[in-house]
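Q: There's a structure below that I have some questions on.
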């Protein structure tokens, strides 16, 4: 598989960034929701010790992805035969992913700075954590998390729709087996 994308296939770099980001977003969402619901301080801190680095890696990968698309690689052409409305919705959903991810990172950093919680989260013996609900960045962070879940559902549903139609959508964004013609 080539490093760069072709007109109908994402390259190795794009595929790797896509799937690593997907896994890290799921980890960040799951640990974030579980930390928000956790009663015990030690449990909340343990979850946030996974959540914060996962989110930081999502930020790094998203920046790399933006740089990759803007300056190094070209995206494949839209799926053959896809109506203009579907193409427009696909572009909108992908753009919203970037907006929401950057918003989530910004509000998460804001929450850590406003609350001063990072040293407590990463200390060996966590005795207390701030009530994150008392800090303004918590509102957009929580809203963004729910919006990100909605975007993921739309994204996966669209991928399944195209897969069931035989549009080879998963083949475009996965590592091919063997050599391609």
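Q: For segment 1-24, indicate whether the set of residues that are surrounded by fewer than 16 Cβ atoms within 10 Å (Cβ to Cβ), more than 28 Å from residue 167 (Cα to Cα) and more than 15 Å from the chain's Cα centre (by Cα) is non-empty.
A: no
Q: Would you confirm whether or not segment 29-39 contains a residue that is within 25 Å of residue 147 (Cα to Cα), in contact with a helix residue (DSSP H, G or I) (Cβ under 6 Å, 6 or more places away or on another chain) and surrounded by fewer than 18 Cβ atoms within 10 Å (Cβ to Cβ)?
A: Yes, segment 29-39 has at least one match.
Q: A further question on this structure: Name every residue in segment 110-140 that is under 19 Å from residue 47 (Cα atoms), free of Cβ contacts under 8 Å to residues at least 60 places away in the same chain, in contact with a helix residue (DSSP H, G or I) (Cβ under 9 Å, 6 or more places away or on another chain) and in a helix (DSSP H, G or I), in order of residue number.
A: 110, 111, 115, 133, 138
Q: Please determine whether any residue of segment 71-80 is surrounded by 12 or more Cβ atoms within 10 Å (Cβ to Cβ), assigned to a helix (DSSP H, G or I) and without any contact (Cβ under 8 Å) to a residue 24 or more places away in the chain.
A: Taking every residue of segment 71-80 in turn, none turns out to be surrounded by 12 or more Cβ atoms within 10 Å (Cβ to Cβ), assigned to a helix (DSSP H, G or I) and without any contact (Cβ under 8 Å) to a residue 24 or more places away in the chain.
Q: Given the conditions (1) more than 18 Å from the chain's Cα centre (by Cα); (2) within 26 Å of residue 16 (Cα to Cα); (3) in contact (Cβ under 8 Å) with a residue 12 or more places away in the chain; (4) not in a helix (DSSP H, G or I), and given that residue 174 satisfies all but one, which numbered condition is not satisfied?
A: (1)
Q: Do we find that residue 145 is buried (at least 16 other Cβ atoms within 10 Å of the Cβ), within 19 Å of residue 31 (Cβ to Cβ), more than 20 Å from the chain's Cα centre (by Cα) and modelled with pLDDT of 90 or more in this structure?
A: Taking the combined requirement at face value, the residue does not satisfy it.
Q: If you don't mind, another one. Let me confirm something: among 65, 91, which residue is outside any loop (DSSP other than H, G, I, E, B), at pLDDT 90 or above and more than 15 Å from the chain's Cα centre (by Cα)?
A: After ruling out the rest, the residue left standing is 91.
The values are calculated or read from the model by the stated rules, or taken from the named source; none is laboratory data. Predicted, not measured: the structure shown is a model, and the values here were computed from it. Counting neighbours? That spans all protein chains shown, and the Cβs are built from the backbone with ideal geometry, glycine included.
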